[in-house]
Amino acid sequence: MKILTINSGSSSLKVALFEMRDEKRVSFLEVEKIGEDISRVLLEKETVFEGKIEDHYEALKKIEKILNEKNILKNFDQLSAVGHRVVHGGEKFKKSVIIDKKVIKDIKELSSLAPLHNPSNLKGIEAILKKAPSLTQVAVFDTAFHQTMPKKAYLYAIDYKTAQKEKIRRYGFHGTSHMHVAKEGAKILKKELKDLNLITIHLGNGASITAIKNGKSVDTSMGFTPLEGLVMGTRSGDIDPGVLLYLMEKGFEAKEIEELLNKRSGLKGLCGKNDMREIEKIKANSQTASLAFEIFCYRVKKYIGAYMAALGEVEALIFTAGIGENSLEVRERVCENLEIFGIKLDKEKNKRNETIISKKSSKVKVLVIKTDEEIEIARETKRLLLA
Ligand code: ADP
């Protein structure tokens with residue numbers, strides 16, 4: 001069984017081809033700058049085409065042609081199904097679904113909650129519909145895993161009626177990643193996920209942390225939008241909403257505030273760089289970079305404390321994504337002085353980037369697990385196809 005997964009952006013496509021017999025990722029393609037003068041297609045990170053690609057439909061045709069030329073896949077008729085990453089499923093989608101007209105309409109309606117993402121995700125769905133109308137398509141939502149949060153975690157303490165009317169609540173994001181590393185974590189710990197309490201820590205350009213009780217998300221740091229919570233590459237994370245009112249009073253427009261919080265904040269806002277590798281390199285000689293590093297780690301630490309309190313018993317912390325999987329320094333600083341919670345990092349194991357980086361005597365294990373949202377989307381697609 002061959003399954004294609006698609007992560008569709010406004011002018012980009014990330015496409016992975018899986019052979020589900022052994023869950024092998026056969027190919028990974030990226031199309032960049034769709035609709036611009038020169039678009040690019042990369043196969044396994046190598047450029048294989050440069051030239052104009054008008055839209056997402058043309059991009060898919062190009063991908064089919066490349067897969068054929070490389071003798072990887074004859075054509076899309078050989079696929080069993082396509083799975084799409086869809087960012088916002090609102091309260092409507094608590095699980096992945098097979099896409100039909102009604103689902104497309106619902107995803108469109110949810111665009112008001114995710115204006116940057118859902119319309120872009122729909123472009124991929126509509127392009128497949130045009131290219132291969134009879135192919136089964138599945139939507140896997142970033143928000144779905146967090147739909148198990150209790151009210152006390154997802155409601156904001158604002159006027160209840162206004163919140164209901166405007167659908168304002170914590171939705172949480174990165175759900176597919178948190179779910180994937182939780183499942184992998186359970187395998188490593190040789191336990192059933194439903195018997196585990198975990199804290200999963202996704203630290204990439206976007207960053208979020210989730211409290212998992214008996215295998216289910218019970219709280220997460222991203223909220224109504226992916227702006228809340230941890231310090232990120234260019235996003236602020238938690239901030240007093242009073243700051244926004246103050247800026248509005250001063251004459252800042254909504255667009256300017258949005259740009260400030262999404263693009264000119266986080267690590268970049270603090271020190272001018274959003275790449276953790278660069279920050280680590282220069283922080284010995286740069287006070288601002290050193291401070292950005294400390295603020296980043298301190299925020300993660302605070303959330304670990306909060307979620308330890310929320311969960312009571314915790315089996316393991318799991319670090320994942322670009323920074324979580326690679327930055328020894330971040331992991332070390334975050335876990336420093338957490339012995340009070342039974343968290344004891346083994347610095348040597350951490351330096352060697354082992355999978356279990358806590359000491360034998362550590363009550364709470366600390367794991368490093370590579371995230372893989374695509375395989376999770378492919379698995380969900382297969383599950384629904386066979387259901
Ligand atoms: P995205 O959210 O865009 O998928 P990634 O998960 O790829 O992001 O993470 C990107 C972040 O990971 C960047 O800040 C990058 O600097 C960081 N990163 C990648 N490799 C390393 C490394 N070896 N050491 C420290 N940080 C790293």
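Each reported figure results from applying straightforward, stated rules to the coordinates on display, with no laboratory input. Just so it is clear, the model here is predicted, and its values are computed rather than measured. Positions of Cβ are backbone-derived with ideal geometry, glycine not excepted, and every protein chain shown enters the neighbour counts.
I want to check the label-to-label distance for Glu69 and Phe28. Put each point 7 Å from Cα in the C-beta direction and report it in nm to one decimal.
2.2 nm
Take every DSSP beta bridge with both residues inside the range 175-368 and express the antiparallel ones as a percent of the total, to the nearest 5.
55 percent
Which whole-number percent gives the relative contact order of the range 175-368, counting Cα pairs below 8 Å spaced six or more residues apart?
20 percent
In µm²/s, what is D for the range 214-335 at 37 °C and 0.692 mPa s, where D = kT/(6 pi eta Rh) by Stokes-Einstein and Rh is the Kirkwood radius from Cα pairs?
Rounded to a whole number, D works out at 208 µm²/s.
Greater than 29 Å separation of Cα atoms is the criterion. Which listed pairs, Lys183/Lys382; Lys24/Lys281; Lys187/Lys349, meet it?
Lys24/Lys281
In units of 2.2 N^0.38 Å, what is the alpha-carbon radius of gyration of the chain?
1.01
Between Lys165 and Glu109, what FRET efficiency follows from the Cβ-Cβ distance if R0 is 22 Å, with the result rounded to 0.05?
Step by step, r from the Cβ atoms, then E = 0.90.
With a point put 7 Å past each Cα toward its Cβ, work out how far Lys151 is from Lys92 in nm, to one decimal.
Taking the two extended label points, one gets 2.4 nm.
What aspartates and glutamates sit close enough to Lys70 to cross-link, taking a C-alpha to C-alpha distance under 15 Å and skipping anything fewer than 8 places away on the same chain?
In chain and number order, the partners are Glu44, Glu46.
Let me see the pair-distance distribution of the range 177-247: every alpha carbon pair, 10 Å bin width, integer percents in order.
20, 41, 25, 11, 3, 0
I'd like the orientation of helix 287-311 relative to the chain: the angle between its Cα long axis and the longest Cα principal axis, in ° from 0 to 90, rounded to 10.
90 degrees
Where does the range 2-141 land on Rg/Rh, using Cα atoms and the Kirkwood Rh?
In the range 2-141, Rg relative to Rh is 0.96.
Could you give the length gained on full extension between Phe252 and Thr288, defined as 0.36 nm per residue of separation minus the Cα-Cα distance, in nm?
10.4 nm
Counting only C-alpha contacts under 8 Å and six or more residues apart, can you give the relative contact order of the chain as a whole percent?
Computed value for the chain: 14 percent relative contact order.
For a protection proxy built on the mean count of beta-carbon atoms within 10 angstrom, sort 121-134, 190-203 highest first, please.
Answer by packing, highest mean first, reads 190-203, 121-134.
Binned at 5 Å from 0, what are the whole-percent values of the Cα-Cα distance distribution for the range 61-220, short to long?
In whole percents, the pair-distance histogram is 2, 8, 15, 16, 16, 15, 13, 9, 5, 2, 1, 0.
For a quick protection proxy, order the peptides 219-232, 75-88, 345-358 by their average other-Cβ count within 10 Å, most packed first.
219-232, 75-88, 345-358
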